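Comments concern the structure below.
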Amino acid sequence: MITRVAGLLTARGGATSHAAVTAKRLGKTAVVDCRALEVIEQEGIARLAGVQLKAGDWLSIDGRTGNIFPGRLPQQAKAPLPHER
């Protein structure tokens, strides 16, 4: 399934977690240890900041800032963050 997505969002993990390392190796965006994400696998749903999600729902994630947005936002050219300038 990881080959079919552009990014990963996990409720647990850290910079050296399997999800983060795998995403980096595959050139995918990743946000790990998202405290606002609750996954209920038995029901096939998740909640992000209390908003229910289901398989196939679009999220836009910014792996550099950790921001997560509902829906599919257009990608923007990578601009350097202030500390990267």
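The values are calculated or read from the model by the stated rules, or taken from the named source; none is laboratory data. Just so you know, these numbers come straight off a predicted model, no measurement behind them. Accessible surface is based on the protein model in full, side chains and every heavy atom, while ligands, DNA and RNA are left aside. Shrake-Rupley method; radii C 1.70, N 1.55, O 1.52, S 1.80 Å.
Data table
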read-out: Per-residue ³J(HN,Hα) for region 4-17, Karplus 6.51 cos²θ - 1.76 cosθ + 1.60, θ = phi - 60°, Hz, x for Gly and Pro; value: 8, 10, 8, x, 10, 10, 10, 7, 9, x, x, 4, 10, 5
read-out: For Val31, distant residues with modelled amide H under 5 Å away; value: Leu8, Leu9, Thr10
read-out: Listed residues Gly13, Gly50, Gly66, most fluctuating in the chain (Gaussian network, C-alpha, under 10 Å); value: Gly50
read-out: Added length on full extension, which subtracts the Cα-Cα distance from 0.36 nm per residue, Ser60 to His83; value: 6.0 nm
read-out: Portion, in percent, of the accessible area of the chain that falls on carbon or sulfur, probe 1.4 Å; value: 53 percent
read-out: Projected area averaged over orientations for region 19-81, convex hull of C-alpha atoms, nm²; value: 5.2 nm²
read-out: Per residue solvent-accessible surface (Å²) - the chain, probe of 1.4 Å; value: 80 Å²
